[in-house]
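Scroll down for the structure; my scribbles are underneath it.
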Amino acid sequence: MPNEALIVIDVQNDFCEGGALAVAGAAAVVPVVNRLIAKHDHVVLTQDWHPPGHASFASAWSGGVPFSTVQFPYGPQTLWPDHCVQGTPGAAFHPGLATDKAEVVVRKGFHPGIDSYSAFRENDRMTRTGLDGYLKARGFTRVVLCGLALDYCVAWTAIDARQAGFDVGIVQEATAAIDLEGSKKRMLNEMRLAGVKLNLTA
Ligand code: VGL
Ligand code: ZN
């Protein structure tokens, strides 16, 4: 469809088995994602792209515990293991991902003090990545989402895409979830309430 873009979220080594923030089942979705890429005319990739010592890393805080929640100036923030550090092998796309067709790569999470799950808006909910303007300038009205992680970057991107006025669907079989304290169920519900189609097929 000419007005539809596929957005492939964060299929990077650190989110796959053996990576710093591995999501169970991540590598298995790569062939499914590749099938979606082959089927779409327009493909956008996103890349989590943190500077060393990023504020979302537990290691940046004395006594910081990975997967705990702390208060940031912009609200609650989960602390993560160091991951997707700019230029490292962990930040690179999974070697099996079919990246050639991508028309743009959006990087996020590069502001030292702000995390970014959504590919549209960072976690302060104010700092914009520019993806909204890019998609609208290109005339896209529908976005299809897949990638990692379902309950963080895919979900937040889907909800922000709805808020930006796009028709939005996710292909669940082309995603894998972190599922921290029920986050998968909670974010599926949030997406449903936002009007995201949850069951597109690959
Ligand atoms: C992600 C946690 C931290 C994601 C990125 O891509 O879902 N999750 N940074
Ligand atoms: Zn991150």
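The values are calculated or read from the model by the stated rules, or taken from the named source; none is laboratory data. For clarity, every value in this text was computed on a predicted model and none was experimentally measured. Heads up, the Cβs are rebuilt from the backbone with ideal geometry, glycines too, and the neighbour counts pull from every protein chain shown. All accessible areas refer to the heavy atoms of the entire protein, side chains included, with ligands and DNA or RNA removed. Shrake-Rupley method; radii C 1.70, N 1.55, O 1.52, S 1.80 Å.
3J(HN,Hα) along region 188-202: 4, 5, 4, 5, 4, 5, 7, x, 7, 6, 9, 10, 5, 9, 6 Hz, from the Karplus curve 6.51 cos²θ - 1.76 cosθ + 1.60 with θ = phi - 60°, whole Hz, x for Gly and Pro. A Förster distance of 25 Å, applied to the separation of the beta-carbon atoms of residue 68 and residue 197, puts the FRET efficiency at 0.15.
When the helix-only estimate is applied to the chain (DSSP H runs of n ≥ 4, each -39,500 (n - 2.57), divided by the residue count), what is the mean residue ellipticity at 222 nm, nearest 500 deg cm²/dmol?
-6000 deg cm²/dmol
For residue 1 and residue 128, the FRET efficiency from 1/(1 + (r/R0)^6), where r spans their Cβ atoms and R0 equals 30 Å, is about 0.70.
By the equivalent-ellipsoid construction on the alpha carbon gyration tensor, the chain comes out with semi-axes of 25, 18, 16 Å, ordered largest to smallest.
These residues, 126, 1, 191, go from largest to smallest accessible area, 1.4 Å probe, as 126, 1, 191. Which percent of the Cα-Cα distances in region 1-96 go past 17 Å? The answer is 58 percent, as a whole percent. Counted by Cβ distance under 11 Å from residue 85, the other residues give a net charge of -3, where Lys and Arg count +1 and Asp and Glu count -1. Put the Cα centre of region 32-92 next to the Cα centre of region 135-202 and the gap is 17 Å. Ordered from highest to lowest accessible area with the whole protein assembly present and a 1.4 Å probe, 188, 97 read as 188, 97. Beta bridges assigned by DSSP with both partners in the chain are antiparallel in approximately 25 percent of cases.
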